[in-house]
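Scroll down for the structure; my scribbles are underneath it.
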């Protein structure tokens with residue numbers, strides 16, 4: 001029972017650290033005004049093309065990561081016993097779900113702090 005309480009204590013310390021960092025992060029964000037007066041001015045500028053290419057590359061890279069996750073799931077499933085297949089696939093699906101929820105938390109956090 002003592003081992004379980006040690007794991008619980010360390011998990012609580014780490015989660016408390018994450019909550020503290022999430023609460024303090026709006027204090028360290030940039031407070032400068034946007035360099036463009038409006039969205040139309042940004043679209044007409046030369047930085048819009050770079051912005052579009054960077055976001056497109058980010059989306060393509062994210063799609064490749066999801067495809068790699070599927071490939072690693074197949075490899076891990078092929079290398080384990082058949083009784084462990086569901087556990088391996090659930091683990092890989094759970095990792096993607098954690099990543100998605102982490103991104104949602106970051107988006108909410110950026111929205112609350114006013115930095116979109």
Distance between modelled label sites at residue 39 and residue 79, nm, 7 Å Cα→Cβ extension: 4.7
Prolate/oblate/rounded call for the range 60-105, Cα gyration tensor, a/c under 1.5 rounded: oblate
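Can you order the peptides 84-94, 54-64 by their average number of other Cβ atoms within 10 Å per residue, highest first?
84-94, 54-64
Rule-based calculations on the coordinates, nothing more; no lab input. Since the structure is predicted, the reported quantities are computational estimates derived from the model, not experimental observations. Cβ sites come from the backbone with ideal geometry, for glycine too, and all protein chains shown count toward neighbours.
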